[in-house]
Amino acid sequence: MSPAVRTSRSLVWAGVMVFVVAVGLVLLMVVRPSAASPAGSGAAGAVPAEGSADVGFARDMSVHHQQAVEMAFLVRDRTDDEDVRRLAYDIINTQANQRGMMLGWLESWDRPKSSDRPPMEWMGHPVTPSDGSLMPGMATDTELDRLRAADGKDAEVLFLRLMTVHHRAGADMARAAAGAAGTDEIRSLAAGMARAQESEISLMADMLKARGAQP
């Protein structure tokens, strides 16, 4: 089976898993008091506003995570190195699951999963996408094409470098949400994301060093 077919099937699988998680979360919130309310009261007024950090973070980080999962699938099919493949699997599983949670919350809050507003506007510094990079840390279309064309050690090093930059920006966004969000769900998830991505940044620095490369 060609790498392209494997990647396509893997992306379909990830999409199905994200959908299942999101639907499960929505159903859970329908039969229980609203988790969007800090007090769990389910009051309509407790739903985060469209311009809130909660909604903005859930929406933007879902996009950020989607690209991380895509890059992890790409490198998984371009190397036999077990350490890199293990890291890729961790990123795929963790970030696809988190993305499903955030999409589920947006659904339960009756907020759109996409917006015409500039990314990161909720942080006070909206950004303008460039060459397919929608937010800081995201790889450009050119960089993704390079990753698709690479294999072996070259693919490993490029992936680790791109993902390090990706994680740094993701951790910054997560810390901002942890401090500004109004719901316990987003504050807790964002704080956990920041810690986990900082840990993986350190791991990737060691992996790059082992391959004679720098972040």
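List, please: which pairs have Cβ atoms under 8 Å, are six or more places apart or on different chains, and start with a residue in the stretch 137-154 that is in contact (Cβ under 8 Å) with a residue 40 or more places away in the chain and farther than 15 Å from Val165 by Cα and end with one that is among the hydrophobic types (A, V, I, L, M, F, W, C) and not in a loop (DSSP other than H, G, I, E, B)?
Partner pairs satisfying both residue conditions: Arg148/Leu74; Ala150/Leu158.
Considering Met120, Met163, which residue is aliphatic (A, V, I, L, M) and out of contact with any Pro (no Cβ under 7 Å at 6 or more places or on another chain)?
Met163
Starting from residues that are crowded, with 21+ Cβ neighbours inside 10 Å and among the small types (Gly, Ala, Ser), keep the ones in the stretch 172-191 and report whichever is farthest from His65 (Cα to Cα).
Here the answer is Ala181.
Looking at the stretch 148-170, can you tell me whether even one residue there is of a type in the set (Gly, Ala, Ser), in contact with a Lys or Arg (Cβ under 6 Å, 6 or more places away or on another chain) and in a helix (DSSP H, G or I)?
Yes, the stretch 148-170 has at least one match.
Among the residues in the stretch 126-140, are any within 30 Å of Trp105 (Cα to Cα) and in a helix (DSSP H, G or I)?
Step one: list which residues in the stretch 126-140 are within 30 Å of Trp105 (Cα to Cα), which gives 126-140.
Now narrow it down to the ones that are in a helix (DSSP H, G or I): none.
Within the stretch 126-140, none of the residues are within 30 Å of Trp105 (Cα to Cα) and in a helix (DSSP H, G or I).
Give the stretch 78-100 a look and list any residue that's buried (at least 18 other Cβ atoms within 10 Å of the Cβ) and either part of a helix (DSSP H, G or I) or of a type in the set (Ser, Thr, Tyr) (or both), or say none.
Those that are buried (at least 18 other Cβ atoms within 10 Å of the Cβ) and either part of a helix (DSSP H, G or I) or of a type in the set (Ser, Thr, Tyr) (or both): Thr79, Val84, Leu87, Ala88, Ile91, Ile92, Thr94, Gln95, Ala96, Gln98, Arg99, Gly100.
Tally up the residues in the stretch 51-88 that are closer than 27 Å to Ser108 by Cβ and β-branched (Val, Ile, Thr), please. Before you say what the answer is, go through the steps one by one.
Our first condition is that a residue be closer than 27 Å to Ser108 by Cβ; within the stretch 51-88, this holds for 51-70.
Subset that is β-branched (Val, Ile, Thr): 55, 63, 69.
Looking only at that region, the number is 3.
Given the options Asp54, Asp83, name the one that is touching a Gly at 6+ places or on another chain (Cβ under 9 Å) and at pLDDT 95 or above. Don't jump to the end; show me each part of the working.
Working: Asp83 fails: touching a Gly at 6+ places or on another chain (Cβ under 9 Å).
Only one candidate passes the filter, namely Asp54.
So in the stretch 90-131, with the set limited to residues that are small (Gly, Ala, Ser) and farther than 23 Å from Leu203 by Cβ, which one is nearest to the chain's Cα centre (by Cα)?
Narrowing the stretch 90-131 to residues small (Gly, Ala, Ser): 96, 100, 104, 108, 114-115, 124, 130.
Retained after the next criterion (residues that are farther than 23 Å from Leu203 by Cβ): 100, 104, 108, 114-115, 124, 130.
On the way: Gly100: 10, Gly104: 14, Ser108: 19, Ser114: 15, Ser115: 17, Gly124: 20, Ser130: 19 Å.
For the stretch 90-131, the residue satisfying everything is Gly100.
Within the stretch 161-170, work out how many residues are buried (at least 21 other Cβ atoms within 10 Å of the Cβ) and among the aliphatic types (A, V, I, L, M).
Residues meeting the conditions: 2.
Of the numbered conditions (1) within 21 Å of Phe73 (Cα to Cα); (2) free of Cβ contacts under 8 Å to residues at least 24 places away in the same chain; (3) surrounded by 14 or more Cβ atoms within 10 Å (Cβ to Cβ), Val127 fails exactly one; give the number of that condition.
The single condition Val127 does not satisfy is (1).
Considering the stretch 107-121 alone, what residues qualify as being closer than 12 Å to Met61 by Cα and either assigned to a helix (DSSP H, G or I) or of a type in the set (Ser, Thr, Tyr) (or both)? Lay out the reasoning, then the answer.
At the first step, the residues of the stretch 107-121 found to be closer than 12 Å to Met61 by Cα are 113-114, 119-120.
Matches in the stretch 107-121: Ser114 only.
Given the structure, is Arg117 buried (at least 20 other Cβ atoms within 10 Å of the Cβ) and either at pLDDT below 95 or of a type in the set (Lys, Arg) (or both)? Break it down into steps so the answer makes sense when it comes.
Values: buried (at least 20 other Cβ atoms within 10 Å of the Cβ): no; either at pLDDT below 95 or of a type in the set (Lys, Arg) (or both): yes.
So Arg117 fails the test.
The values are calculated or read from the model by the stated rules, or taken from the named source; none is laboratory data. Values in this document were obtained by computation on a predicted structure and should not be read as measured data. All Cβ positions, glycine included, derive from the backbone under ideal geometry; neighbour counts span all protein chains shown.
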